[in-house]
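Before any comments, here is the structure.
What follows draws every value from the coordinates through simple rules; no lab data is involved. Not measured: the values here are computed from a predicted model. Neighbour counts are summed over all protein chains in view; Cβ atoms, including those assigned to glycine, are modelled from backbone coordinates with ideal geometry.
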Amino acid sequence: MPQRICVTGAGGKAGRAVVAGLRAHGYQVEATDVVVTRADRENGMLAADLTDYGQAVEALSQADAVVHLANIPAPGLSTPAVTFNSNITMNFNVFQAAAANKLERVVWASSETTLGLPFDTPPRYAPVDEDHYPLPTSTYALSKVASETVAGHVAQWSGIPHIALRFSNIMAPEDYQRFPQFQHDPHQRKWNLWGYIDERDPACWPWRSRPRPFAATRPSSSPPRTPSCPARRPNSSPRSTPASASPGKSASSALCWPSTAPARSSASTRPTPGATTCLPRADP
Ligand SMILES: NC(=O)c1ccc[n+]([C@@H]2O[C@H](COP(=O)([O-])OP(=O)(O)OC[C@H]3O[C@@H](n4cnc5c(N)ncnc54)[C@H](O)[C@@H]3O)[C@@H](O)[C@H]2O)c1
């Protein structure tokens, strides 16, 4: 298991929770973000713009693995072209920098939007699963779809497992206060079929993500698996809030591509010949 983890987007919503979760479990965290406050800097966060390849290489240079969360995190925050170009550039740079630095693992944030969200146009069927992919309807979602393809190929070239997590809408503890109002008007959350994850859920994935064979992971007939994450949710239990009645928060599953990557080393996280590159999905 890697010990030194670079977390990109460390100043963001998911990033702060992931950094805290990793540190709580004894990992050495190399936090980086393009926006770094004085307090962040004093806490060791490195300022780096990941649209610049050299900065991406240096940001990852001391790490065994990377949890890559930095991106423009939704459609409509920047122009459509800036959203696509920024995200695809950041993602390629991080994947390529991980290969250049011979990291053991790349875990990165894809998005549920790759499955067709927002569902202003109804989904082809529900609940949606991996067979609803790819259906990008924004340049944000397109940046994630394209990045999944890029990640798959860099993983094959390098032999480094790349794990794309198709996060659903990320909720912070204070966001749960809005949940009761959703129950009076279900249409408010129709756009993503009432899904969400807790901001602390991404902190579980560095422990949970394991490359698995394609044939074993098709989701449609599999029962949901309940995440188990050590020492999580010390102060609250979002699943016991009114939102726990939501049908959205459920399973995770993995879509894996056979890899032709050669064996790289004896480290346990390195793939062997014929190993798989996995794209697990963090469902709503
Ligand atoms: N928030 C959600 O509901 C949601 C849902 C699905 C997927 N995601 C994905 O999860 C990840 C984290 O989302 P979040 O909600 O924490 O977003 P966030 O905006 O809170 O954090 C993203 C961070 O990336 C940093 N960043 C942006 N451009 C950068 C650059 N050029 N170089 C370095 N850092 C840069 C930002 O400064 C920010 O701190 C993103 O990749 C997002 O696309 C988010």
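In terms of surrounding Cβ atoms within a 10 Å radius of their Cβ, Thr32, Thr89, Thr139, Thr79 rank from fewest to most as Thr79, Thr89, Thr139, Thr32. Shown for Trp108, Trp157: other C-beta atoms within 10 Å of each C-beta, ranked fewest to most, produce the order Trp157, Trp108. FRET efficiency for the Ala24 to Ser78 pair, using the beta carbon distance and R₀ = 45 Å, is estimated at 0.85.
For every other residue with a beta carbon closer than 12 angstrom to the beta carbon of His162, add +1 if it is Lys or Arg and -1 if Asp or Glu, then tell me the sum. Intermediate values should be presented prior to the final figure.
Details: positive: Arg105; negative: Glu104, Glu148.
Residues close to His162 contribute a combined charge of -1.
Charge tally for Asn93 (other residues, Cβ to Cβ under 13 Å; Lys, Arg +1; Asp, Glu -1): -3.
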